[in-house]
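What follows is calculated from the coordinates using simple rules that are stated; it is not laboratory data. What you see is a predicted model; the values in this text were computed from it and never measured. With ideal geometry, Cβ positions are generated from the backbone for all residues, glycine too; neighbour counts draw on all protein chains shown.
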Amino acid sequence: MAPLNRAAVTAVDSTGQVADILSLPDHLLDALWRVEAASLQPATTPGGLVIAGMGGSGVGGELARAALWPWLERPLELARGAELPAWTGPETLVLCSSYSGNTEETLAAYDAAGAAGAPRVVSASGGELPARARRDKVPVIPLPGGFQPRAAVGYSFVVALEVAAVAGAAPSLRADVEDAAPLARDLAAEWGPEGGEDSDAKRLARALHETIPVISGPGIGAAAAYRWKCQFNENAKIPAFAAELPEAGHNEIVGWESAASFAPFSAVFLEDPDAGDRMAARVGLTAEIVGGQAHTVERVAPRGETRLQRLVSHVLLGDLVSLYAAVLRGADPIGIEPIDRLKAGLAAR
Ligand code: F6R
């Protein structure tokens, strides 16, 4: 198969999305600084935190929830839509996260939080959301402009982590973020276009080429699986699906019985060493059971010592695999024309 070196990537990636992916370590650290500069005051919110956001902005909340799960002291709920949980009120902090600041659902969630009397925090690079926040004297964490929202995942992730601490929902993982950045830098060198042609990222992209990836995992692997799925969709423009273990072992595993007769599905398992031996056995058995019907089966162990490092490792690997998948297909990773068409169609009504 074709090489995945710098020349091959540049020939397809017209706007240099790969550079934004490889900058993840800098984004993580810059996000810490931006939260600090916003001088948020600790919130008196025993009701915890609701994170409202869609797509590439919302996924940061999902990753943060997975990172914080063992240490959560208060509820951390995700609102991926215009509606907030009915219990949202003055004792709940609501983080409204939209990279563009113009996403309809997130703007509606912002208004709904205000109507419920909930304290709010906004994170955006511009647009209507920070304008409303300034009007309402709501604190804003300003993000740098010029990225695709999905390429700003380091920002949406760290902002969600740190706002969870502000809400008293979990301890700050600031030191863990600082520890994850150097590892991410090493991995970016190893897995990037200048890395070996047999690197994990390039090998996986080739192994999954011309298949429909079904990505799953336990714990941090489940949250990362959702990120992989979205990145295959948006960067490589292919269908991809995500599932969560152990739940998928109680339903989805049966669907695999006839998978090969429909399409070349690949099964990708993102492991989580913190989930324990019994979960590792479950992943192994699931891989064996679906293996006969899958075009390809891959088990991916994260790198790193801490939960946060491992999650960052899974995210960075998936971002690069999806980028290489785009290159192998000759699809420019930048375009998201169907999303733009949907947003424009709705705006016109
Ligand atoms: C585009 C992307 C999308 C957007 C989503 C919401 O790169 O990732 O999933 O994130 O359409 O838009 P924002 O993030 O601007 O609120």
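Give a residue-ordered list of calculated ³J(HN,Hα) values for the stretch 84-89 (Karplus: 6.51 cos²θ - 1.76 cosθ + 1.60, θ = phi - 60°; whole Hz; x for Gly, Pro).
9, x, 4, 7, 4, x
Between the DSSP loop rule and a limit of at most 11 other Cβ atoms within 10 Å, which chymotrypsin sites (Phe, Trp or Tyr not before Pro) in the stretch 53-122 are left?
none
Evaluate the relative contact order of the stretch 33-145 (contact order divided by residue number), counting alpha-carbon pairs under 8 angstrom at least 6 apart; express in whole percent.
27
With Cβ to Cβ distances under 9 Å as the rule, what net charge do the other residues near Pro3 carry (K, R +1; D, E -1)?
The answer is 0.
Could you size up the charge dipole of the chain around its Cα centre, putting +1 on the beta carbon of Lys and Arg and -1 on that of Asp and Glu, and report it in debye to the nearest 20?
About 640 debye.
Could you compute the net charge surrounding Arg303? Neighbours are other residues with a C-beta less than 10 Å from the C-beta of Arg303; K and R count +1, D and E count -1.
For residues surrounding Arg303, the net value is -3.
Tell me the angle of helix 277-291 to the major Cα principal axis of the chain, expressed in degrees between 0 and 90 and rounded to the nearest ten.
Tilt of helix 277-291: around 50 degrees.
With the cut-off at 17 Å, report for the stretch 218-307 the share of all Cα pairs above it, as a whole percent.
49
What share of Cα pairs, in percent, lie more than 28 angstrom apart in the chain?
Cα-Cα pairs in the chain separated by more than 28 Å: 42 percent.
Amide H of Ala242: which non-local residues (sequence gap of 5 or more, or other chain) have their own amide H closer than 5 Å, using H built in the peptide plane?
For Ala242, whose amide H was placed from the backbone, the distant partners under 5 Å are Ile215.
Using the Karplus curve 6.51 cos²θ - 1.76 cosθ + 1.60 with θ = phi - 60°, work out ³J(HN,Hα) for each residue of the stretch 29-39 in order, rounded to whole Hz, and write x for Gly and Pro.
Per residue, the Karplus-derived 3J(HN,Hα) values read 6, 5, 5, 4, 5, 5, 5, 4, 5, 6, 6 Hz.
What number, in nm² with one decimal, is the all-direction average of the projected area of the convex hull of the alpha-carbon atoms of the stretch 277-349? The partial results should precede the final answer.
On the way: hull surface 33.8 nm².
In nm², the orientation-averaged hull projection of the stretch 277-349 is 8.4.
Suppose R0 equals 22 Å; then what is the FRET efficiency for Thr44 and Glu104 from their Cβ-Cβ distance, rounded to the nearest 0.05? Walk me through the numbers before you get to the answer.
Working: r = 31 Å, r/R0 = 1.39.
For Thr44 and Glu104, the calculated efficiency is 0.10.
Using alpha carbons only, how many angstrom separate the centre of the stretch 123-160 from the centre of the stretch 173-229?
Result: 25 Å between the Cα centres.
As I understand it, the value is the acute angle between the Cα axis of helix 55-68 and the longest principal axis of the Cα atoms of the chain; what does it come to in degrees, rounded to 10?
Its long axis makes an angle of about 90 degrees.
Given 0.36 nm per residue, what is the gain on full extension from Glu247 to Arg349 after removing their alpha carbon distance, in nm? Please report the intermediate quantities before stating the final value.
Working: separation 102, 0.36 × 102 = 36.72 nm, distance 3.90 nm.
Residue separation times 0.36 nm, minus the Cα-Cα distance, leaves 32.8 nm.
Non-local amide H neighbours of Glu77 (under 5 Å, H modeled in plane, Pro and chain starts lacking H): which ones?
Leu49, Val50, Ile51
For the stretch 9-110, what ratio Rg/Rh do Cα atoms give with a Kirkwood hydrodynamic radius?
1.03
Taking θ = phi - 60°, what integer Hz values does the Karplus form 6.51 cos²θ - 1.76 cosθ + 1.60 yield along the stretch 154-167, in sequence order, with x for Gly and Pro?
Once rounded to whole Hz, the list reads x, 6, 4, 5, 5, 4, 5, 4, 6, 6, 4, 5, 4, 7.
How many nm is it between the label spots at Glu305 and Glu190, if each spot is 7 Å from the Cα in line with the beta carbon?
In this crude spin-label approximation the distance works out to 1.5 nm.
What is the angle, in °, between the Cα long axis of helix 220-231 and the longest principal axis of the Cα atoms in the chain? Nearest 10 is fine, range 0 to 90.
80
Would you kindly state how much longer the chain becomes between Arg341 and Leu72 on full extension, computed as 0.36 nm times their sequence separation minus their alpha carbon distance, in nm to one decimal?
Length gained between Arg341 and Leu72: 93.0 nm.
What is the distance in Å between the Cα centroid of the stretch 253-281 and that of the stretch 285-316?
Taking the Cα centre of each part, the stretch 253-281 and the stretch 285-316 sit 9 Å apart.
Let me have the 222 nm mean residue ellipticity of the chain computed from DSSP H runs of 4+ only, each contributing -39500 (n - 2.57), with the sum over all residues rounded to the nearest 500.
-15000 deg cm²/dmol
Could you give the size of the charge dipole of the stretch 46-92 about its Cα centre, using +1 on the Cβ of each K and R and -1 on the Cβ of each D and E, expressed in debye and rounded to the nearest 20?
100
Using only alpha carbon pairs under 8 Å that are at least six residues apart, calculate the relative contact order of the stretch 127-273 and give it in whole percent.
Relative CO of the stretch 127-273 lands at 20 percent.
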